[in-house]
Amino acid sequence: MSQRMRRVIIASRLYAPEVGAAAFRLRALARGLAAEGVKVRVVTSVPPRGTAIPAPDAGVTISRFPVLRDRGGNVRGYVQYLSFDIPLFFRLLFTGGDLVVSEPPPTTGAVVAVTSWLRRRPYAYYAADVWTDGLIALGAPRFLVGIMRAVEGFVMRNAATVIAVSDEVAQKVVAFGVDPSAVATVGNGVDMDVFTPDGPRAELSQPTYVYTGAMSEWQGPAIFVEALAIVRQTHPTASIRYFGQGVEEPHIREAAERLGLTDHVHLGGVIPPAETAEWIRGATAALASIKPGVGYDFAKPTKTYAAAACGTPVVFAGIGAGAKLVSDNGLGWRSDFEPTAIAEAMLAAADAEQAGETRRLRDGRVDWAKANTSLAASGRLAAQRLLVAD
């Protein structure tokens, strides 16, 4: 296959310049494929209004089509998914290529699977997580979870290759009955040219904690507001800045209003990666969380990698793979998913900053990130795995 796979199609509702892990991950894959001499065509959506669209990377062409978005500008929800998936069926049916790469949701994967069967070409599935675990976390009806789990399993079992971002995700993929030899673990990470310890940093009154990226139900980021109320008993000027978007934003606002913290909890919306890096560099600590018991204990939030690459410690609330990542590699503090425990970790981060320990340990965190979190390296590895698949 590697000798004749010269044209690869990437089908995804999100792609750069949109801000999000999926968009960054697929751009890294496209660059990795282009570096191998492959012609890459990205079939995606028109980004939110006002988004500046840069020229595509060398060797990559991008086809965009309008899509429905929610009030926050997200392509999130079944109607929004279908507004992308239905046109995608016809776009792929009439687009030539040797391989198609799909990302979740499984509905998009199903469109890719069917059109690939009709076109008699293989496809690959990029499993950043197990999508139906998210449905379980949302408390979706059992019949809906069952249907979507069947679709997700069908898509992955029939893929020529399933790319997994971690060993934990790979294990979950195999549990769907996927042949282990068809699963390739390539890791995850961040853009090491953007997230660096050097460069502009936000000038902040300390202590200031920064939460970046998705604000989803399974992360439960509003709990950090509860913890901030406790932290401020010791540090009256402490604050949190949230950057990103998600369904938990109203809960964050509600918690801030209820606790009288509206002047100390700031929601800054979606910002460019370079600006995100500035805020992380200036922060006392970056915040990350996984709500226990909702099926996402295997997840390793990308925001953890971004903080490490900038040399900033992480306060991680929760259990599982993400918590272990932080504690095993000296990336910060892990706490139970409970306000008092989180506050203790946030206070420890403030003490470490005042004592100079944060600066002293910065290089160690950065060195770990360089060795383990290069998104470009994972993109190249994914590309190479796709090109040798048969």
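Bear in mind that the values in this text are calculations on the coordinates, not laboratory data. Keep in mind that this is a model prediction, so the values were computed, not measured. So basically every Cβ, Gly included, is an ideal-geometry build from the backbone, and we count neighbours across all protein chains shown.
Summary of values
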item	result
Set of aspartates and glutamates with alpha-carbon distance to residue 300 below 12 Å, sequence-local pairs under 8 removed	129, 167, 168
In order through the range 37-42: 3J(HN,Hα) via Karplus (6.51 cos²θ - 1.76 cosθ + 1.60), integer Hz, x for Gly, Pro	x, 8, 7, 10, 10, 9
Cα gyration tensor, the range 208-372 - rounded (a/c under 1.5), prolate or oblate	rounded
Max mean-square fluctuation residue, GNM over the chain, Cα-Cα springs under 10 Å, options 128, 11, 355	355
Cut-off 10 Å between beta-carbons: net charge of the residues surrounding residue 325, Lys and Arg +1, Asp and Glu -1	+2
Potential extension, residue 206-residue 52 segment - 0.36 nm per residue separation minus Cα distance	52.1 nm
Separation of alpha-carbon centers, the range 156-188 and the range 211-285, rounded to whole Å	34 Å
Candidates 274, 55, 22, ranked by Gaussian network fluctuation over the chain, Cα under 10 Å, top entry	55
Environment charge at residue 216 (Cβ cut-off 15 Å; Lys +1, Arg +1, Asp -1, Glu -1)	-3
Exposure proxy ranking, count of Cβ atoms within 10 Å, fewest first, for 289, 327, 205	205, 327, 289
Span-rule helices in the chain, defined as complete DSSP H runs reaching 18 Å or more along the axis (Cα) with Kyte mean at least -1.0	21-35, 78-93, 106-119, 142-157, 339-355, 375-388
Built amide H within the under 5 Å cut-off of residue 334, gap 5+	316
Stretchable slack from residue 143 to residue 120, in nm (0.36 nm times residue separation minus alpha-carbon distance)	5.1 nm
GNM top mover of 319, 53, 230 - the chain, alpha-carbon springs below 10 Å	53
Contact order normalised by residue count of the chain, Cα under 8 Å, 6+ apart, percent	17 percent
Shape category assigned to the range 190-241 from the gyration tensor of Cα positions, a/c cut at 1.5	oblate
Euclidean distance of C-alpha centroids, the range 1-65 and the range 305-384, integer Å	29 Å
Net charge contributed by nearby residues that have their C-beta within less than 11 Å of residue 342 (K/R +1, D/E -1)	-3
The range 283-371: C-alpha gyration tensor shape, a/c 1.5 cut-off, then a/b vs b/c	oblate
